[in-house]
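Some notes on the structure that comes next.
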Amino acid sequence: MHTSALGLTRRALIGSAGAATASIACAATMPRSGDDPWALAARIRSRIRPPSFPPGNRFSPRQFGGVADGRTLATVPIARAIQAASRAPGGGTVVLNDGVWLTGPIHLQSNVELHVADDTIVRFAHDPTLYFPPVLTRMEGNELMGISPFIYAYGAENIAITGSGVLDGQAGPDHWWHWARRQSGAGESSGARLRRLAEENVPVARRIFGPDATIRPQFIQPYRCHNVLIEGVTILRSPMWEIHPVECSNVTVRRVTISSHGPNNDGCDPESCRDVLIEDCLFDTGDDCIAIKSGRNADGRRLGVPSENIMVAGCTMADGHGGVTLGSEITGGVRNVFVERCRMDSPNLNTALRFKNNAARGGRLENIHVRDVTVGQVARAAITIDYNYGEGAKGDFTPVFDTLSIERLLVGRCQRMLDLQGFVGAPIRNILLRDTAVIRAAEPDIVSRVEGLRYDNVRRNGVAVAGPTPGGVAKAADISG
């Protein structure tokens, strides 16, 4: 079931080079000046197509001795069913149904669909030792050899997780979540050690974190995979990030329900991915609902793979920190992001649209377009672009933000409409708000170091907004260009 750490690292080096080449080739998808960005969005969407599987090739862990009684560990029977499905002509489907399946990590292989039926719960066991030997994974933008995600695939093609059943991570204050508290304890935590190793450019094969570490497993992580579908399932009680595709292409996340309120419980975090559709999902999370990422600091620069061509459509953000966020692990850059027909509404939601960058990341964020989004209420600003996140100006790399258009945004209540904070020498550029209304903003906007802020039929507290700076101006840190 497991791939050796050494073999995986060799393949990782090959995969990294291929991903970097692909990112250079896709620069042609950037829109030309004057083009309708939503025409580009339509072209991107038309080529994102989920994989399909032969209907007759169906396998059950019961064929290999599995028992769905919620007590008997079914890791091995599930792995054998996956292997059989992968070997079948054209691939196949592994069906989990009629009960509660208790398992350790599930490692998908090419041409395999994991189908969780509507009468079924898949529960992931608490024992951390079950999720080893280590696999290549990422933790907050840094690569490591560490604990396996609950559902994982490396270098696979045509994989899917489908059905209307439940995936239950069984995380809570006494399982997995308490590791977050240990990360901030005395001495060097596992997270701090990983960040240090990455900044020291220690080879990934030597960044080994075993069962004694406190880096939590992610729930679903396809790594360097092509043609990925995650559809219909409900995800509960995750240790940390729920859906985290890394360096993947042609990814569809559709009609997924996520309800998990632990620490760092992001809903869907595509990282260094290309051609991604997140559609008709419900997010009720303990952190950002959707957070688009591309690596952190030294690792992000070493890998150099942006996230690009990301579509978010028809989603509901019931709770979380940010509705749609870019960052903060954003060093590889993000471009061509399209958000439409979403609803966000929670007093606990900090901001609807949030962009996090700084002089340590130095990421380039460009060509982001939003339309037809309704926000009931958010606790802070409706739209935040903040270079002061985390390390702020403490770094040698210039953050870049260029081109955000927002059309037909309706906000009920917020602290302020805009919180835009660039740096001297690194201004935020080209922001357009059109046909937008904020019913009640309690405080003046913050607009600092912004070039090219435009309004077209925008109303704030019932008053038309005109001019470049509707409200107060905050001080911003300086950074050399």
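Show me the helices of the chain, taken as full DSSP H stretches, that run 24 Å or more along their long axis by Cα and average 0.5 or above in Kyte-Doolittle hydropathy. Working shown, then result.
Working: long enough: 5-25 (30 Å, 0.94).
Both cut-offs are met by 5-25.
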Going 7 Å from the Cα of Ala117 along its beta-carbon direction, which residues of the range 142-166 have the amide nitrogen within less than 19 Å of the resulting point? 161-166
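Nearest 0.05, what FRET efficiency do Glu443 and Arg255 give at R0 = 35 Å with Cβ-Cβ as r? Show your work: numbers first, answer last.
Details: r = 37 Å, r/R0 = 1.07.
That gives a FRET efficiency of 0.40.
Once Rh is set to the Kirkwood radius over Cα pairs, what Stokes-Einstein translational diffusion coefficient, in µm²/s, holds for the chain at a temperature of 20 °C and a viscosity of 1.002 mPa s?
94 µm²/s
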Once the Cβ-Cβ distance between Arg434 and Lys394 is put in as r, and R0 is 30 Å, what FRET efficiency do you end up with, to the nearest 0.05? 0.25
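Normalise the Cα radius of gyration of the range 350-481 by 2.2 N^0.38 Å (N = residues in it) and let me know the number. All intermediate terms of the calculation are to be shown ahead of the outcome.
Working: Rg = 14.0 Å, N = 132, 2.2 N^0.38 = 14.1 Å.
Computed over Cα atoms of the range 350-481, the ratio equals 1.00.
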Of the GluC sites (Glu not before Pro) in the range 365-439, which ones lie in a loop per DSSP and count no more than 16 other C-beta atoms within 10 Å? Glu391
Sticking to Cα atoms, compute the Rg of the range 324-371 to one decimal and its Dmax as the biggest Cα-Cα distance, whole number, in Å. 12.0, 33
Size of charge dipole - the chain - debye, nearest 20, with Cβ of Lys, Arg +1 and Asp, Glu -1, no other charges: 560 debye
Listed peptides 377-383, 160-166, 349-355 by packing density, highest first (mean Cβ within 10 Å): 349-355, 377-383, 160-166
Of all DSSP beta bridges in the chain, what percent run antiparallel (nearest 5)? 5 percent
Give me His175, His369, His244 sorted ascending by neighbouring Cβ count inside 10 Å, so fewest comes first. His175, His369, His244
Inter-label distance for Arg47 and Thr129, nm, one decimal - labels placed 7 Å from Cα along Cα-to-Cβ: 4.8 nm
Student exercise, the range 187-331 dipole from Lys, Arg, Asp, Glu Cβ charges, in Debye to nearest 20: 520 debye
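Work out, in µm²/s and without decimals, the Stokes-Einstein translational diffusion coefficient of the range 45-110 at 25 °C, 0.890 mPa s, Rh from Kirkwood over C-alpha pairs.
194 µm²/s
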Centre separation in Å (Cα based) which lies between the range 346-399 and the range 36-100: 36 Å
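Each reported figure results from applying straightforward, stated rules to the coordinates on display, with no laboratory input. Since this is a predicted model, take the numbers as computed values, not measurements. Methodologically, a virtual Cβ is constructed for each residue, glycine included, from the backbone with ideal geometry; neighbour enumeration extends over all protein chains shown.
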